[in-house]
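Peer 1: Starting off with a structure, shown below.
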Amino acid sequence: MVRLTILKNASEVIRDNLKRGVQTVVAIGSDSLFIESAITLAGTEAVLGFIPIGDSELTEILGIPPADYACDVISGRRIEKIDIGKINEQYFLTSVQIDNQNIRLKCDESYQISPIAVKAIKVINLDWLNFALPDTAINFQKLASDPKDGLLEILLAKKPKITLK
């Protein structure tokens, strides 16, 4: 059991314990701690458990119960694999937005995307899409991807058309 401090971050603690042969890490805290832990464990066979403290979007997306019940899930060793994204040797769990005029994405040397007139590209592994109904104040969310399907989703944001009057 390790308590994180300003001098002791999760990635460092996890890497040290992996060297000692630890195969299960349980993160107790916020979404950001879970994300940091998952990224640190990427590419290993170690298992990550999560007990959320406070508000957590990831628990809703992943179907993790609140803290009291999350302990029961962990003690029952219910294990599910989820995807993790990787761009330019950098792992990510939720999504990455690239704001650039000259965007080119290559996927596993199989194909590439070079869209024209794009303001941004968002690569999604695990995230919500927010929608607003036109002419109303009603907003809702929809899960943008399935974190267990082995695929990433890509959203393209078009540049607005400029019309001269």
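Peer 1: Give me the distance between the Cα centres of the range 34-72 and the range 79-111, rounded to whole Å.
Peer 2: 21 Å
Peer 1: For the range 1-90, what is the accessible area per residue in Å², given a 1.4 Å probe and the full set of protein chains? Write out the running numbers ahead of the final one.
Peer 2: Working: 6160 Å² over 90 residues.
I get 68 Å² per residue for the range 1-90.
Peer 1: To continue, here is another question. Multiplying the sequence separation of ILE103 and ASP149 by 0.36 nm and subtracting their Cα-Cα distance, what value in nm do you get?
Peer 2: Values: separation 46, 0.36 × 46 = 16.56 nm, distance 2.53 nm.
Result: 14.0 nm gained on full extension.
Peer 1: Run the simple label-point estimate for SER110 and VAL26 please: 7 Å along Cα→C-beta, distance reported in nm.
Peer 2: With each label point 7 Å from Cα toward Cβ, the separation is 3.8 nm.
Peer 1: Right, something else. Compute the length gained on full extension between ASN88 and ASP72: take 0.36 nm times their separation in residues and subtract their Cα-Cα distance, giving the result in nm to one decimal.
Peer 2: Numbers: separation 16, 0.36 × 16 = 5.76 nm, distance 3.74 nm.
Taking 0.36 nm per residue and subtracting the Cα distance, the gain is 2.0 nm.
Peer 1: Next question. For the pair ASN17 and ILE79, what calculated FRET efficiency results from E = 1/(1 + (r/R0)^6), where r is the Cβ-Cβ distance and R0 = 25 Å, to the nearest 0.05?
Peer 2: 0.85
The values are calculated or read from the model by the stated rules, or taken from the named source; none is laboratory data. The structure displayed is predicted, hence computed values, not measured ones. Glycine gets a Cβ as well: all are built from the backbone with ideal geometry, and neighbour counts include every protein chain shown. Surface areas here come from the heavy atoms of the whole protein model, side chains and all, with no ligands, DNA or RNA. Shrake-Rupley method; radii C 1.70, N 1.55, O 1.52, S 1.80 Å.
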